[in-house]
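Student: Take a look at this one; I'll ask things after.
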Amino acid sequence: MKPMKLKENNLSGDAMDIQQKTLMVLIAAWSWVFSFVPGTVHAAVTMVDGTAFSNIVTVNQTRLDLKGAALLRYMFFIEAYTGALYLPDTADGSRALEDIPKHLVLEYRVAISAENFAKATEKKIRESVSDAEFQQLLPKITALNRLYRDVVPKDRYALTYLPGSGTLLTYNTTPLGTIEGAEFARAVFSIWIGANPIDKGFRDKLLGKQR
């Protein structure tokens, strides 16, 4: 590979010095930016292990800001999915399960069947609530489980909760259905960001906690 050369274009020595100095300043500036932020941030997106997530989303005229993003691995080496959590600008991660707007996006790196989604959803919610609460939520859990579809790598699921409207499940860009209720939203989001989540390290990164 031949070394890159600066084309002279009949510039004077002073002009060439200015060009070179400008180039060095730009390189230094970009190096500082990319070393300062967690992950790779460029313009309006944040990169997480090759997956791009918008820094801001707007849902029904409600602006939600990215609070954290991460890659989830299981069995130490299998990359399952990347995820990103969005909350109102005034809310930090400690308020994520309150009755406030929220948006969770998951991009998958493995194929998962709709049946396995349903089983995992029911199992994790059962582990997170009391028996009485689970029985009250069961009809809504069943309704959500009926919405799931099989996914392949690069597919995305998103859960979007708006107070008074409910929790919308979206497959890629297709809305699949909305489940009403703040308690249901708390239970389903707890699968990833609750006290007993799928993975605590993944949860903490979504919530923007320093590790």
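Student: How big is the dipole moment of region 40-206 about its Cα centre under a simple scheme where the beta carbon of each Lys and Arg is +1, that of each Asp and Glu is -1, and everything else is neutral? Debye, nearest 20, please.
Tutor: 220
Student: I want the local charge near Arg126. Using Cβ-Cβ distances under 12 Å, sum +1 for each Lys or Arg and -1 for each Asp or Glu among the other residues.
Tutor: -1
Student: Determine which aspartates and glutamates satisfy two conditions relative to Lys124: a Cα distance under 18 Å, and not lying fewer than 8 residues away in the same chain.
Tutor: Candidates past the 8-residue exclusion: Glu115, Glu133, Glu183, Asp199, Asp204.
Student: Going by how many other Cβ atoms sit within 10 Å of their own, how do Thr58, Thr178, Thr90 line up, fewest first?
Tutor: Least to most surrounded, the residues fall as Thr90, Thr58, Thr178.
Student: Can you compute the modelled spin-label distance between Ala182 and Ser165, with each label point 7 Å from Cα toward Cβ, in nm?
Tutor: 1.7
Student: Which one of Ser94, Ser128, Ala84 has its Cα pushed farthest toward the positive end of the charge dipole of region 58-135, where Lys and Arg give +1 and Asp and Glu give -1 at the Cβ?
Tutor: Selected residue: Ala84.
Student: Something else now. Sort Val188, Val105 by Cβ crowding within 10 Å, fewest neighbours at the top.
Tutor: So the residues, fewest neighbours to most, are Val105, Val188.
Every read-out reported here was derived from the displayed coordinates using simple, explicitly stated rules and does not represent laboratory data. Just so it is clear, the model here is predicted, and its values are computed rather than measured. Quick reminder, even Gly has a Cβ in these numbers, built from the backbone with ideal geometry, and neighbours come from all protein chains shown.
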